[in-house]
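Report on the structure given below.
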Amino acid sequence: MQDEKNSIDPKKDAFKERLTWKDDMIVKDLVKPITLRRVRLIQIMAFIAAVAITGVFLWLKYLQPPSGEKLVAEMIQAAGGMDAWKQIHQGSFLRTHKMYDEKGNIIKQDDETFYFMNNDQGHQLMIKSHSMNGDDVVIGQDANNHYWGSLNGESGDAHAIAKKMEYMCHDDECVPLCSSEMAFYRFSMPFNLIDPGVIPKYTGTATLNGKKAMLLDVTFDPKIGKDRWVFYVDPSSKLIRKIEHYSSLESNEQPEEIYWSDFKPENNVTIAHSNKYYRSNGRILEEYQISNVNFNPAFTNKFFNSPMASQ
């Protein structure tokens with residue numbers, strides 16, 4: 001009897017092998033319904049968790065709007081990378097400033113050569129300008145932050161020369177190289193957007209000349225600055241296409257609008273060689289053209305000193 005009880009019925013085993021997976025599950029469900037329902041519940045929960053994890057991954061990697069810091073990092077990388085910018089210790093470039101009348105004729109042109117040298121305090125700056133009227137202006141800043149200047153070869157007070165040639169703003173605290181410092185600040189974008197006190201925010205997208213642009217809104221810690229910049233960034237190249245500059249945070253202020261174009265590499269750093277301003281009717285008002293870029297020339301320690309200092 002014991003042997004018969006423990007023996008395997010070949011017919012029963014053959015029947016079991018003929019069952020499909022689906023039929024076998026039905027049989028088991030009838031025999032142990034609670035256990036199978038728990039298994040199925042666990043399977044469903046595991047599937048939902050896998051879908052959720054995949055969704056979060058895709059959102060973070062491809063769909064999530066970028067933060068302001070991330071967009072700035074991408075802009076810097078598109079311009080050559082921070083390492084390439086940090087390799088520039090000194091240099092020069094020619095900025096040709098043109099103003100146009102309503103018909104598009106040039107009514108004013110200045111050729112301004114910028115010389116700069118980075119240091120622990122920031123940088124030293126010197127400008128040599130030749131105007132359409134034939135005036136030659138030089139304004140510099142020495143290592144002691146002292147300003148000096150000359151007009152048509154004659155040394156004079158830097159503040160007086162700068163005001164006469166309209167190089168200064170109307171602020172009481174304005175310095176002789178005020179407008180030149182702002183020009184150099186724009187020249188250094190986007191690399192200076194990670195400076196201390198800069199607050200970048202991604203604010204969505206807009207249409208610029210029929211094309212989509214990403215918007216980067218930049219403000220500053222109150223101890224650093226009170227102005228505001230809005231950058232229109234190409235979604236593909238991450239290069240700047242337009243800048244709006246507000247001198248204050250007042251919402252009703254009309255911004256200064258600058259259109260960037262003609263991007264070309266200079267010593268592994270990509271620079272916009274044309275900055276244009278337009279009238280409300282769409283015609284050009286001003287243009288700044290960048291050329292003759294020379295990074296890391298051999299400047300001497302006395303290069304930025306006044307010529308009068310050596311006499």
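The values are calculated or read from the model by the stated rules, or taken from the named source; none is laboratory data. Small disclaimer: the values here were computed from a predicted structure and weren't measured. We place every Cβ from the backbone using ideal geometry, glycine too, and count neighbours over all the protein chains shown.
Restricting attention to region 164-202, the residues being over 19 Å from Gly68 (Cβ atoms) and of a type in the set (A, V, I, L, M, F, W, C) number 11. Given the structure, is Val198 of a type in the set (A, V, I, L, M) and under 15 Å from Ile76 (Cα atoms)? Considered against the rule, which asks whether it is of a type in the set (A, V, I, L, M) and under 15 Å from Ile76 (Cα atoms), Val198 comes out as yes. For region 282-300, indicate whether the set of residues that are surrounded by 14 or more Cβ atoms within 10 Å (Cβ to Cβ), among the aromatic types (Phe, Trp, Tyr), modelled with pLDDT under 95 and assigned by TED's automatic domain parsing to the domain that holds Ala206 is non-empty. Scanning region 282-300 turns up at least one residue that is surrounded by 14 or more Cβ atoms within 10 Å (Cβ to Cβ), among the aromatic types (Phe, Trp, Tyr), modelled with pLDDT under 95 and assigned by TED's automatic domain parsing to the domain that holds Ala206. Within region 87-102, can one find any residue that is free of Cβ contacts under 8 Å to residues at least 12 places away in the same chain and within 30 Å of Val218 (Cα to Cα)? No.
In region 228-244, the condition of being in contact with an Asp or Glu (Cβ under 6 Å, 6 or more places away or on another chain), assigned by TED's automatic domain parsing to the domain that holds Gly80 and either at pLDDT below 95 or of a type in the set (Asp, Glu) (or both) is met by at least one residue.
In this entry, Ile199 is excluded by the filter for residues that are under 30 Å from Val138 (Cβ atoms), in contact (Cβ under 8 Å) with a residue 24 or more places away in the chain and in a strand (DSSP E or B).
Filter region 145-201 for residues that are out of contact with any helix residue (DSSP H, G or I) (no Cβ under 8 Å at 6 or more places or on another chain) and among the basic types (Lys, Arg); which is surrounded by the most Cβ atoms within 10 Å (Cβ to Cβ)? Applying the filter and picking the extreme gives Arg186. Restricted to region 119-143, and to residues there that are without any contact (Cβ under 8 Å) to a residue 24 or more places away in the chain and touching a Ser or Thr at 6+ places or on another chain (Cβ under 6 Å), the residue that is surrounded by the most Cβ atoms within 10 Å (Cβ to Cβ) is Val138. Candidates in region 271-295 are the residues that are in contact with a Ser or Thr (Cβ under 9 Å, 6 or more places away or on another chain) and of a type in the set (Ser, Thr, Tyr); of these, the one that is farthest from Pro255 (Cα to Cα) is Ser291.
Of all residues in region 140-157, those being among the acidic types (Asp, Glu) and assigned to a loop (DSSP other than H, G, I, E, B) number 2.
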